Amino acid sequence: MVNGQVVLTAFMGIFLVAVVAWLTRLDSWRTYSPAGGGGYGDDSATVHSEKPSGVIRWLTTVDHKDIGLLYGAYAVVAFAWGGLSVMVMRLELSYPGTTIISADTYNALLTSHGITMLFLFGTPIIAAFANYLLPLMIGADDMAFPRINAIAFWLLPPAAFLVWAGLIFGPFVDGIAGAQTSWTMYPPLAADSTVAGTPAGDAGALNPGADLMMLGLHLSGISATMGAINFIATIFTERGEDVGWHNLDIFSWTMLTQSGLILFAFPLLGSALLMLLADRNLDTLFFDPAGGGPILWQHLFWFFGHPEVYILVLPPMGIISYVLPRFAGRKLFGFKFVVYSTLAIGVLSFGVWAHHMFASGMDPRLESAFMAVTLSIAIPSAVKVFNWITTLWNGSIRLNTPMLFCLGFVSNFIIGGVTGVFLGAVPVNQVLHETYYVIGHFHYIVMGAIGFAVFAGLYYWFPLYTGRMYQQRLGKWHFWLSMIGTNLTFFAMIFLGYGGMPRRYANYTLTIGPEALFTDLHQLTTIGAIILMIGQIIFVYNFIISWLEGPKVRDGDPWNLDEHGMKTKEWEWFEQNKILPMTDGGEPVNDDGSPPEPRADGGEVSSDEMASADVGDAGSGDDQ
């Protein structure tokens, strides 16, 4: 067995050298034109009519669509890691006492699950949608900074590796293990934790796995900040001539607001993480009781942490506001109020962080102020719910899979929102704060709402990015298993919280108390989690098989949006480009398989222009 500190030092040295070597070759990346769009950068530069093929394409691409797909693939892997982690935890909690894993392993999985789902799945899957779709929706050729866009993505794989490194190396290397700090990383434990998850004291050795996790989290924050700058610049500077603020789509509005939140929130998290790392390794006193104190970390973390909830939920709200009207046959009711409520949530989200600290002993006058702002932020969220319901009223509703997930989102979001209002009241919060009630509420939002909106978007735009159609029966199986599993899992947690079951406990062997009730409810929760997992397995199978073998979409309007005048820019792009024959590199080709002639502006010859040339050669004189 190798000493953990030696492995950590060697790994970090190799990693930093690799990053520097990689950055030095960025300017030599191949320049090419995105499929179906004009060039970007210097129009006078050499034009390549094809992208590189194979692995080189994906390693060097700066096309927003390719990067969107990379974000999506990365997020699916992270989702699988986080999901498998929590399934092991749920099996452990099915019976009292220690059954299949130790408390140390449980705590490490708990930490990994939280950070993975929030930072390695939640933010990247939103970036996947935004990278692929946002330029198409606003009529842009690409993102404002394509290379920065690529750098932002390629920071994420090493971030994930660092976050998971303790769990990966723990079984093989002495002196390292998965971090056991929970995803909130509260000091003093997080500033002084060992491999066993206990305080190190004066003589104990710190766990390098926790340091790696914090470095990985910091790296993911840098990636998110770079992406946010790019989205803001793209929306402000790259809109097409026919796209103004008056007709900017709702998804772009939510991405703009989310990016603004990231710019203000993530740098604070990065600063706090650096201070925590300094406390751990340089004996500083930022969060030590003799210095700034542990409560300082809570203020810094939650000033980031609650806007992070809206960083994760606002774009999914935008997806629902975008997709739901397409299957209701009506335009979104009260579009301006949905935009205003989005902006209001963005502003108010920075004034509610201390409701996470009602149990910390803060001044009751401050608690009252934060309670008032917390309850008030429910108003713009309720505005959105009423707008969605009114959009459905008297609509021509089609219950396709994307619409089912939209309806599931609205239902789960109402439950998650109402349970959150109770937690916003100080007296109720004091009773329920450290119970499973909080976990049930939070997961109704994170899985029941955000997850369902992601699935709605994935199914709705599936023909756009694959050119094929998924198996609709399997899509509906996925919805119903997810809906049943979500509500069985998290509603049982609400009752566990009312019964007083503490959260973050690896077991619940009790000398007094309702152990039998806890056991029954935990088993219901585990059954719900298994149903939920089966639904996701069906989703992955349907997704992969349909991408490879699904029926090809021959119509530029696969959802019949033109029937109600609901066809949007991305489907116009799809009709003009994606349903044409494509080479492996993703570029349009002539009927004989040869690439079209490159144009002087960096674009490609369109099919209409090729048809025009053929007609002209025949002597008809018609200009198509």
**OP:** Post the alpha-carbon centroid distance, region 484-553 to region 133-156, in whole angstrom.
**Re:** 36
Original post:
Once phi is turned into θ = phi - 60°, what whole-Hz ³J(HN,Hα) does the Karplus curve with 6.51, -1.76 and 1.60 give for every residue of region 348-356, x standing for Gly and Pro?
Top reply: 5, 4, 8, x, 10, 4, 6, 5, 6
**OP:** Order these peptides, 565-574, 345-354, by their mean beta-carbon neighbour count within 10 angstrom, highest first.
**Re:** 345-354, 565-574
Original post:
Taking 0.36 nm per residue of separation and subtracting the Cα-Cα distance, what length does fully extending Gln472 through Leu510 add?
Top reply: 8.9 nm
**OP:** Highest first, please rank the peptides 412-421, 254-263 by the mean number of other Cβ atoms sitting within 10 Å of their residues.
**Re:** 254-263, 412-421
Original post:
Ranked by Cβ crowding within 10 angstrom, fewest neighbours first, how are Met403, Met137 ordered?
Top reply: Met403, Met137
**OP:** Given the peptides 192-199, 326-333, 98-105, 120-127, arrange them by the average over their residues of other C-beta atoms within 10 Å, most packed first.
**Re:** 120-127, 326-333, 192-199, 98-105
Subject >> Whole-Hz couplings from phi, Karplus 6.51/-1.76/1.60, listed for region 481-491; x for Gly and Pro >> reply: 5, 5, 5, 5, x, 4, 6, 5, 5, 8, 6
Original post:
Stretch Leu248-Ala425 to full length: gain in nm at 0.36 nm per residue minus the Cα-Cα span?
Top reply: 60.0 nm
Subject >> Förster radius 30 Å - calculated FRET efficiency between Leu84 and Glu241 (Cβ-Cβ, nearest 0.05) >> reply: 0.05
Subject >> Over 23 Å (Cα to Cα) - which of Lys331/Lys552; Lys65/Lys331; Lys331/Lys567 fall in this group >> reply: Lys331/Lys552; Lys65/Lys331
Original post:
What is the spin-label model distance, in nm, from Ala73 to Ala372 if the labels are put 7 Å beyond Cα along the C-beta direction?
Top reply: 5.3
Original post:
What is the extension gain from Tyr186 to Leu548, computed as 0.36 nm multiplied by their sequence separation minus the C-alpha to C-alpha distance, in nm to one decimal?
Top reply: 125.8 nm
**OP:** Calculate, for Thr284 and Glu434, the FRET efficiency according to 1/(1 + (r/R0)^6) with r their C-beta to C-beta distance and R0 25 Å; round to the nearest 0.05.
**Re:** 0.30
Original post:
Where does each of His64, His306 land when they are ranked from fewest to most other beta-carbon atoms within 10 angstrom?
Top reply: His306, His64
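Quick note: the coordinates plus some simple rules give every number you see, no bench work behind them. Predicted model only: the values in this text are computed from it and were never measured. Positions of Cβ are backbone-derived with ideal geometry, glycine not excepted, and every protein chain shown enters the neighbour counts.
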